[in-house]
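These notes are about the structure you will find just below.
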Amino acid sequence: MKPDTERLHKVVYEIVRAIPRGRVLTYGIIARLTGWPNHARLVGHIMKGAGIEPNLPCHRVLAASGRPSPTFPEQRALLEAEGVRFKDNGCVDMKRYLWEIVGT
């Protein structure tokens with residue numbers, strides 16, 4: 001069964017808007033929160049097109065490894081401005097900055 005992509009966009013955007021400053025989530029966690037746990041890539045696609053959404057902190061969404069998007073060069077600076085620190089390998093320390101949501 002395929003997800004209703006219009007509804008999925010709305011739910012993804014609601015989740016991303018709720019991510020607190022200085023915290024991050026992954027595409028996979030967002031997919032699970034939407035009820036479509038096997039659609040992390042679709043969440044990534046939605047986030048790639050999110051530039052048109054005002055007030056959407058899409059810079060707070062990362063790969064599970066904590067790696068920022070190679071197509072979003074401003075992402076690191078935006079996260080660092082919120083106090084998020086990166087490890088020597090260029091990834092966010094997910095143990096420290098991952099937003100802990102009950103049930104994820």
- Message: So for the range 43-58 (the condition being surrounded by 14 or more Cβ atoms within 10 Å (Cβ to Cβ) and acidic (Asp, Glu)), does at least one residue qualify?
- Response: yes
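To keep it simple, each residue is scored yes or no on (1) touching a Pro at 6+ places or on another chain (Cβ under 7 Å); (2) part of a loop (DSSP other than H, G, I, E, B); (3) open to solvent by less than 30 Å² (accessible area, probe 1.4 Å).
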| site | (1), (2), (3) |
| --- | --- |
| 15 | no, no, yes |
| 28 | no, no, yes |
| 65 | no, yes, no |
| 78 | no, no, no |
| 95 | no, no, no |
| 100 | no, yes, no |
- residue 84 being modelled with pLDDT of 95 or more, over 13 Å from the mean Cα position of the chain (by Cα) and open to solvent by less than 70 Å² (accessible area, probe 1.4 Å): yes
- Item | Boolean, residue 5 is free of Cβ contacts under 8 Å to residues at least 24 places away in the same chain, among the hydroxyl-bearing types (Ser, Thr, Tyr) and either farther than 18 Å from residue 99 by Cβ or surrounded by fewer than 20 Cβ atoms within 10 Å (Cβ to Cβ) (or both) | no
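The values are calculated or read from the model by the stated rules, or taken from the named source; none is laboratory data. Please read these numbers as outputs of a predicted model, since none were measured by experiment. Positions of Cβ are generated from backbone atoms using ideal geometry, with glycine treated the same way; all protein chains shown enter the neighbour counts. Accessible surface is based on the protein model in full, side chains and every heavy atom, while ligands, DNA and RNA are left aside. Shrake-Rupley method; radii C 1.70, N 1.55, O 1.52, S 1.80 Å.
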